[in-house]
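One structure below.
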Amino acid sequence: MTAVPDLLYSADEDALRSGVRDLLAERSPHPAVLARIETDTPYDPDLWHALAAQIGVTGLAVPEPYGGAGASWHETAVVAEELGRSVAPTPFLGSAVLATAALLALDHRLLGTLAAGETTATLVIPLSMPPDARFPDTVRADGALTGSVTSVADALTADVLLVPAVGGGGPTLSAVAREQAAVTRVVSLDATRPLADVAFDGASGELLASGPEAERAVAAAVAAGAAMLASEQLGLAEQCLESTVAYLEDRHQFGRPVGSFQALKHRLADVWVSITQARAAARYAAACLSSGAPDTPVAVAVAASYCAETAVHAAEECLQLHGGIGFTWEHPAHLYLKRAKADALALGAPHRHRAALGPLVDLTL
């Protein structure tokens, strides 16, 4: 009989959450985020260094022989929750999740530099790519890499690009220095996670894997990304609910706190119920991913589809129930709505995950 994973947060995870939350509150408050996204430098390198060096978020899922913490995706998911709560602009998804997961599947030495925070990397795939998508084929590997990929997350600041390509011998995965590629920032809805188009014209790099091994590494990375994104969406939804409750308790109308009105209570209760269910789904996906459980594809599909819609709902209610102030540029509500909307399309929209879920649980139309 398969053991049921523990979905509760451990004492170590609570301590990790506290450390990450305190650091983000100090280094990346909402005014700083608003100011940062107005610049040409999307990420704060000092913040990323602090997260990597002081807390070690970059090496949580990396084994100790490579200099990592030897923890798991369970702990990584806690960090993703806190980054969702703060909408802090960091390359966490690209480097600590997508690139790290691909390299873990290959047991590659590059994990050491990523775990130490000395370099950052990302997987060169469209951010919209779902776990059940076929291997990317817009880059050719015929002695050198030629082609392009659109809407890549965290490519602007990556030191190393992990590039899936297809050549005469089939699929390949190569590590390429960013200087070998033309990386062009594109307009994206969520300025806290900027996207870029990446083009190669005769680029060279280190071949990491080929054939089925390359396919497995990319598939593992996208699945891990979707699972961690669900935890990010959970944290985002929790923050939206908490900030809205605090505002409605403070805002008075007709001599009463606005939050005492029954219609608003019902709307917030609906959000709360969705968040409790999203938490269970996200935690289960992280637990399955950590243990390599056979139920991982099902858990990821459920969490990715449900948490995406929960985050969008919570962000929409946050903006609307903040009234006029919620629609201003100075208030952070729009940051959460944009991140929630963008995340809902990242690594598979909800309908794609539900379509993939059907065959996984033997449901057919």
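The table for this structure:
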| item | result |
| --- | --- |
| Sole exception among (1) assigned to a strand (DSSP E or B); (2) closer than 18 Å to Ala219 by Cα; (3) open to solvent by less than 10 Å² (accessible area, probe 1.4 Å) for Val176, by number | (2) |
| Top-ranked residue of the stretch 86-98 - restricted to ones that are under 12 Å from the mean Cα position of the chain (by Cα) and part of a helix (DSSP H, G or I), ranked as farthest from Ser28 (Cα to Cα) | Leu98 |
| Residue match in the stretch 182-196 (condition: part of a helix (DSSP H, G or I), crowded, with 20+ Cβ neighbours inside 10 Å and of a type outside the set (Asp, Glu)) | no |
| Candidate set from the stretch 307-365 (those that are of a type in the set (Lys, Arg) and either at pLDDT below 90 or more than 30 Å from Tyr247 (Cβ to Cβ) (or both)); member that is least open to solvent (accessible area, probe 1.4 Å) | Arg352 |
| Count of the stretch 218-251 residues which are over 28 Å from Thr276 (Cα atoms) and either surrounded by fewer than 24 Cβ atoms within 10 Å (Cβ to Cβ) or free of Cβ contacts under 8 Å to residues at least 60 places away in the same chain (or both) | 1 |
| Only listed residue being part of a helix (DSSP H, G or I), modelled with pLDDT under 95, touching a helix residue (DSSP H, G or I) at 6+ places or on another chain (Cβ under 9 Å) and of a type in the set (A, V, I, L, M, F, W, C), chosen from Leu83, Leu47 | Leu47 |
| Residues of the stretch 68-105 that turn out to be open to solvent by 20 Å² or more (accessible area, probe 1.4 Å) and more than 20 Å from Glu13 (Cα to Cα), as a count | 2 |
| Breaking point among (1) surrounded by fewer than 23 Cβ atoms within 10 Å (Cβ to Cβ); (2) under 26 Å from Leu161 (Cβ atoms); (3) not hydroxyl-bearing (Ser, Thr, Tyr), for Glu26 | (2) |
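The values are calculated or read from the model by the stated rules, or taken from the named source; none is laboratory data. This structure is a prediction, so every number in the text was calculated from the model and none was measured. Positions of Cβ are generated from backbone atoms using ideal geometry, with glycine treated the same way; all protein chains shown enter the neighbour counts. Surface areas here come from the heavy atoms of the whole protein model, side chains and all, with no ligands, DNA or RNA. Shrake-Rupley method; radii C 1.70, N 1.55, O 1.52, S 1.80 Å.
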